[in-house]
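Here's the structure, in structure tokens; my notes come after.
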Amino acid sequence: MSKQVRQVSQARPARTLREGRASAVGRATLAWLRALRGRTIALTAGAFAVAAALAVTAVLLFSHDDRPPIPDTRARAYTDVDACLLTGERGITAGTPAATVWQGMQDASLKTHTRVSYTQVTGEQSAGNARPFLNGLLQRSCDVVLAVGAPEVTAAEQTAPRYKKVAFVLVGGTHAAANVTTVGAGEGLRAEVADAVERTTDASH
């Protein structure tokens, strides 16, 4: 009987130790759950804050404003005059005479507000093939037609007499007329083109 009592008294410390370990595990689990819940609440609150900020931004961006828009002062008001350039297949590639002519046209446009554009002849580089491209410019009601390149200038010289109301500026041309101005292809080409476009533009008003 005394042995049984001693065995029971020896088992109590082991049971107490197991209960203590279980209690410690429970407390750790409870602490982890509390920390997880706090982190979840913080993340949820952060998400709500971001959503609220986005909503306010959307309202500010898309809210209706009855005030008229402010006009863009950088927009240039062009006159109703068009100056059109006819070039060879290389167009206004840098280093070509056509590029210099185009620069002169832009200089004139800054002063007179003339609209400027260019068309390049593709395919065979001949006066016969350049003529349809030239006719396209005339059908677009170009007030000033500039031509650079031998085929283009030849086509313009042959066509100019039939279009007395159109001013022609021919680079390297040899046949001047009442509506035809010729400019040299050498030094000062840019300035000569700008001056010719300005004069023809003023005369067309």
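The values are calculated or read from the model by the stated rules, or taken from the named source; none is laboratory data. Everything numeric here is computed off the predicted structure, so don't read it as measured data. Cβ sites come from the backbone with ideal geometry, for glycine too, and all protein chains shown count toward neighbours. To get the accessible areas, we keep the full protein, side chains included, count just its heavy atoms, and leave off ligands, DNA and RNA. Shrake-Rupley method; radii C 1.70, N 1.55, O 1.52, S 1.80 Å.
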For this session: Sort out for me the Cα centre separation of the stretch 150-205 from the stretch 116-138, rounded to whole Å.
Result: 16 Å
Exercise. Carbon-plus-sulfur fraction of the accessible area of the stretch 85-137, 1.4 Å probe, in percent?
Worked result: 51 percent
Problem set entry | At q = 0.14, 0.25 Å⁻¹, base-10 log of I(q)/I(0) for the stretch 139-205 (Debye sum, equal scatterers on each alpha carbon) | -0.36, -1.15
Exercise. How much accessible surface area, in Å² rounded to 10, belongs to the heavy atoms of F133 with a 1.4 Å probe?
Worked result: 60 Å²
For this session: List the GluC sites (Glu not before Pro) within the stretch 102-199 that fall in a DSSP loop (any state other than H, G, I, E or B) and whose Cβ has at most 12 other Cβ atoms within 10 Å.
Result: E124, E187
For this session: Mind checking the per residue accessible area of the stretch 145-205 for me, 1.4 Å probe, whole number of Å²?
Result: 50 Å²
